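Notes follow the structure.
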Amino acid sequence: MKLINSTSYCSDKLKEIIKWCMPDGVFLKDIRKIDFGNTKLNWHGRAWGSMRVHIGVPKYGKYLRPYNTGGRKGYLNVETYSWEEGLIELIAHELRHLYQYKKNKFFHGIKKIRKYNMGTRAKLCEVDASLYAKRKVREYRKSDFKFSLI
């Protein structure tokens, strides 16, 4: 895996988060490139079938209230309470897309996902990635291990 980091965060900490968010069946050697960049906009990410990921991170700001990710265009809403949780949510979501590409499972767990997809316009693969990200954020909250990027 090639890590390109143009943010102010430590690359070693970012690697720890990537390893922690990695879905079963996807390994670091499978990923060609993960690019972390600064953005003036909000959090954003993109995954390609060529096993590449781009993560856009805004300038650090202290969380004064919970931040709601998703909720637009039918994506599932995930509430994050800290900067680290926001980064975990985004990385886990995009890594789940790499899992979907690798395993060719764009409709993984379709019966479970259908109940969450009611009334949304999102594709099932997006709902699956959002559910995975939500689960990883909850695991992080319950764990004793903290990344402390700042």
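Yes/no per residue for (1) outside any helix (DSSP H, G or I); (2) at pLDDT 85 or above:
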site: 65; (1), (2): yes, no
site: 74; (1), (2): yes, no
site: 100; (1), (2): no, yes
site: 112; (1), (2): no, no
site: 127; (1), (2): no, no
site: 140; (1), (2): no, yes
site: 148; (1), (2): yes, no
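Tallying residues that are under 21 Å from residue 58 (Cβ atoms), over 16 Å from the mean Cα position of the chain (by Cα) and touching a residue at least 24 places away in the same chain (Cβ under 8 Å) within the stretch 6-37 yields 5. Listed by first and then second residue, the pairs with beta-carbon distance under 6 Å, at least 6 apart or on different chains, first residue in the stretch 41-55 and basic (Lys, Arg), second surrounded by fewer than 16 Cβ atoms within 10 Å (Cβ to Cβ) and at pLDDT 90 or above, are 52/32; 52/33.
The values are calculated or read from the model by the stated rules, or taken from the named source; none is laboratory data. The structure presented is a predicted model; accordingly, all values stated were derived computationally and were not measured. Note that each Cβ is placed from the backbone with ideal geometry, even for glycine, and that neighbours are counted across all protein chains shown.
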